[in-house]
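What follows is a set of notes on a single structure, which appears directly below.
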């Protein structure tokens, strides 16, 4: 503090003293020291850039600094067994493997072939393919091979071989390899039993409505017929389009009506006057109609028209 510059009579110090002392304190705390300016340093060139390089060889070879980078050999002396050459990945710089450091495995060594040495006549080379292309092979047509014929049986010295088997009746009737000494029964060919054809389908039964026609009323679309149920003897009236027990009244024409159900159609006719018991039934229906007891549509009274 004794060397600090006093700037006023009342003991104030100069601000530059604080800046210099602050920079020195910071350098001491962080470990940095003020050094010589970078511009004052002299840049030195690498030695390899100050002289001409080696002559370019005709065939590329590794650098002299890479002479220690080589493959690991499993059979360096060339013994008659499998040889391996392993790539030294731990000595390579980068991700590219030079051709001379590729992994190689060989079972009989690498052959050293002279490309200019004479070869056999049937050997194929690139130059022979270009200079003299191979002619197409001639087409040879060979006859079809005949199936081999069965070899003739060698005659035996036994005189019994010349005796035909058909003449040995006792041998055939009493075979020696059968426990009963009886010939096997003749084979009977089984005759297939023809199956009878299925019966033809029965024709659909034609059903008739259990109704008797006792009267018709003609009035165009409002025509209807008067019927009597043969089972209950009840009278009923059906207008065109109405049905009873599945039978629908399709048309009314004079003394006939047409009823249909599903695919069946039947025609009912009025009995001739004075024939059969239809007169009593018709009188019963007329009485019922006059009393309003006929089944049908009571809210629509029958229109006047031609009555039969």
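Throughout, read-outs are computed from the coordinates displayed, never taken from laboratory work. Keep in mind the model is a prediction, meaning the values are calculated, not measured. Virtual Cβ from ideal backbone geometry, glycine too; neighbours counted across all protein chains shown.
Once you have the Cα-Cα distance between residue 86 and residue 66, take 0.36 nm times their residue separation minus that, and quote the gain in nm to one decimal.
Between residue 86 and residue 66, full extension yields 5.5 nm more.
Using the count of nearby Cβ atoms within 10 Å as a rough guide to exposure, how do 240, 54, 267 rank from fewest to most?
Lowest count first: 54, 267, 240.
Using Stokes-Einstein with the Kirkwood hydrodynamic radius over Cα pairs, what translational diffusion coefficient do you get for segment 71-113 at 25 °C and a viscosity of 0.890 mPa s, in µm²/s rounded to a whole number?
The Stokes-Einstein estimate is 213 µm²/s.
So for the pair residue 210, residue 255, with labels modelled 7 Å out along Cα→Cβ, what separation do we get in nm?
The modelled label-to-label distance comes out at 2.8 nm.
How do 103-111, 45-53 rank on mean C-beta neighbours within 10 Å, highest first? Intermediate results must be reported in sequence, preceding the final value.
On the way: 103-111: 9.6, 45-53: 6.7.
Result, highest mean first: 103-111, 45-53.
Listed highest first by mean packing, meaning other Cβ atoms within 10 Å per residue, what order do 222-235, 161-174 come in?
222-235, 161-174
Go ahead and run the numbers for FRET between residue 179 and residue 158, Cβ-Cβ distance against an R0 of 41 Å, rounding to 0.05. Kindly include the intermediate steps, with their values, before the conclusion.
Working: r = 27 Å, r/R0 = 0.66.
Computed FRET efficiency for residue 179 and residue 158 comes out at 0.90.
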